[in-house]
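Below you'll find the structure, written out as structure tokens, and then a few comments.
The values are calculated or read from the model by the stated rules, or taken from the named source; none is laboratory data. Since the model is a prediction, treat every value here as computed from it, not as a measurement. Heads up, the Cβs are rebuilt from the backbone with ideal geometry, glycines too, and the neighbour counts pull from every protein chain shown. We work out accessible area using only protein heavy atoms, side chains counted, and drop any ligands, DNA or RNA first. Shrake-Rupley method; radii C 1.70, N 1.55, O 1.52, S 1.80 Å.
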Amino acid sequence: MEKNWVIKEQGNDEEVNALSNALGVDKTIANLLIQRNIKSFEEARAFFRPDLSDLHDPYLMKDMDLAVSRILQAEASGEKVMIYGDYDVDGTTAVALIYKFLKNFFTALDYYIPDRYDEGYGISIKGIDYAAEMGYSLIIALDCGIKSVNKVAYARERGIDFIICDHHNPGEEIPGAVAVLDAKRDDCNYPYKELSGCGVGFKLIQAYAQQKGLPFEDVKPYLDLVVVSIASDIVPITGENRVLAYFGLKQLNENPSTGLKAIIDIAGGNQKEFNIEDIVFKIGPRINAAGRMESGKMAVDLLINEEPVEARILGEKININNRDRRSIDLEITKQALEMIRSDTALQQRNCTVLYNPEWHKGVIGIVASRLMDYYYRPTVILTRSNGMATGSARSVNGFDLYQAVEACSDLLENFGGHKYAAGLTMKLKNLKKFTERFEEYVSDNIHPDQLIPVVEIDTEIPLSKVDEKFFRILKQFRPFGPDNMAPVFLTENVVDNGCGKIVGANGEHLKLALVQEDNPFRFFPAIAFQQGTVFEKIMNGKAFDICYSIEENAFRGDVSIQLNIKDIKLD
């Protein structure tokens, strides 16, 4: 698939030179920092050397004092408290964090994860009714609840108080809970707005510990759960999230909780160190698989478990869920691709809307994302559930999917989401009209360039720039993630030294050894995933341009620098 290469705005010469001199670093490094809005020695120190003292006072968050006071009241009077959270990674890690911490102070404590298929996302009436029947007088909701105005009111009628810990955008009305912790509230002056749901939960236990005079060391072990949520929920890894992620990774790699260690052992084998990408592709999918295939409660059961043998058994069950999930989503993706390939009209549209009543509801969001790899355009995948067409939508870079779905709201029973991902439900009779309306909206509002994938490039460098010192400094930019992605470089006129070959079970990847004219005797190992089709075109010393990131490659105990090629353009 053709991709547009876009070079990011470069720092001006005066700022680059000043920062380069102040830090004693190469101008390319200084430019990368300025692109990340780091322009002074102090800002660079905070970036390269995260410190727990840089975490904000949790009481700067609106309603934090009310939340802590209500929990202390519940503790003093022996109330029954329920921890409530969604079935995804952010929700289950948040529930596990609060439960593991508060069980040190409460005897009547339990947790509740709604059923993905029966109750859906967010706070449910069924969950509230269960709490009332079991005598719970306080519910702490995590990663959800900011728009649950009616349900919080219903709970209050049933004698249940709510504390809401959320990180999604509020609606016009804030729920009438005892406390609503959400930095995105218009009336909240908390300095950092991009915490994950589990991150908000961490600020709650940090505040609670402060109130009880407990040392920070008592809450620090929970940072492994926080970094799993940060990575999996794809929130920016900037500011306070960078500090939480940095120390969360240290906790995860050096002394993880028993439950997370079980997942690491199963997913990582002999891997010595996990990074953000490993969480996204190895830990997160396994935790998610429990809610997709069976029950999100199983994920919490694992994350709070402190018995290694029991944790391993639960981890293996979740791993089986993940294998089943992958098998199902690949089969559905295959079916969806065949639907498009056999229908010329579908191929010519500016969006994809597909429905099959037999598709598994738990994986259709993944299928929507996979289809984007083949047909880069706004995509909606729907199946039948409880007599309705329900599904997930994903969008391309720069196109506001939420607005497109909202434009069809009169055809929907409910919907929610954000710019790049959404969920929606409609009556089956509205499916045809929704498909037409959605295509019409996309066609009228999308720019042709938005239908071509973009590779964002930080800057252009020669291959000679890539050495051990340069890479050593680049590694200090980690942890990578949204708003601090691994730098992508452009190098023109490289050639393979003749050792390049096609690799992969189906010949889908390239393994190359690249050289450039200024130093033809030094070659750079490179891997180019899913680009095997260009091999014939770059043989025999033909020059080409590459955009790539720089990474470590460990093979049989040897660690070397490798270029991870994102795209290749021929002259």
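Couple of notes before you dig in:
- The reciprocal of the average 1/r between distinct C-alpha atoms defines the Kirkwood hydrodynamic radius, which for the stretch 84-189 equals 13.9 Å.
- Apportionment of accessible area to carbon and sulfur, the chain, percent (1.4 Å): 47 percent
- The stretch 151-244: GluC sites (Glu not before Pro) falling in loop per DSSP and having at most 15 other Cβ within 10 Å: 172, 173
- Accessible area (Å², per residue) of the stretch 6-70, counting only protein heavy atoms and a probe of 1.4 Å: 54 Å²
- Diffusion coefficient, µm² s⁻¹, Stokes-Einstein with Kirkwood Rh over alpha-carbon pairs of the chain at 20 °C and 1.002 mPa s: 83 µm²/s
- Whole-number percent relative contact order across the chain, with pairs defined as alpha carbons under 8 Å at least 6 apart: 11 percent
- Rolling a 1.4 Å probe across the protein heavy atoms gives the stretch 141-240 an accessible surface of 37 Å² per residue.
- Using alpha-carbon coordinates, inclination of helix 431-445 to the longest axis of the chain, degrees: 50 degrees
- Cα shape, the stretch 43-120, gyration tensor, a/c 1.5 rule: oblate
- Whole-percent P(r), the stretch 250-407, all Cα pairs, 5 Å bins from 0: 2, 9, 16, 17, 16, 13, 11, 9, 6, 2, 1, 0.
- Cα long-axis angle, helix 64-77 against the chain (0 to 90 degrees, to the nearest 10): 50 degrees
- With contacts taken as Cα pairs under 8 Å and at least 6 residues apart, the stretch 17-173 reaches a relative contact order of 18 percent.
- Surface accessible to a 1.4 Å probe, per residue, for the residues of the stretch 432-570, Å²: 54 Å²
- Acute angle (nearest 10 degrees) that the helix 13-23 long axis makes with the longest principal axis of the chain, alpha-carbon atoms: 70 degrees
- The chain: antiparallel DSSP beta bridges as a percent of all, rounded to 5: 60 percent
- Expected 222 nm ellipticity per residue - DSSP helices of 4 or more, -39500 (n - 2.57), all of the chain, to 500: -12000 deg cm²/dmol
- The stretch 315-447: C-alpha gyration tensor shape, a/c 1.5 cut-off, then a/b vs b/c: prolate
- Where labels lie 7 Å past Cα in the beta-carbon direction, separation of residue 432 and residue 76 in nm: 6.5 nm
- Each Lys and Arg adds +1 at its Cβ and each Asp and Glu adds -1 at its Cβ; summed about the Cα centre, the stretch 208-296 shows a dipole of about 40 debye.
- Size of electric dipole in the stretch 337-477: Cβ of Lys, Arg +1 and of Asp, Glu -1, about Cα centre, debye, nearest 20: 460 debye
- The relative contact order of the stretch 1-81, computed from alpha carbon pairs under 8 Å that lie at least 6 residues apart in sequence, is 18 percent.
- Only Lys, Arg (+1) and Asp, Glu (-1) charged, at Cβ; the chain dipole about Cα centre in debye: 1000 debye
- Kirkwood-based shape ratio for the stretch 1-138, expressed as Rg/Rh from alpha carbons: 1.22
- Judged by the ratio a/c of the largest to the smallest principal axis of the C-alpha gyration tensor, the stretch 445-571 counts as rounded, that ratio being less than 1.5.
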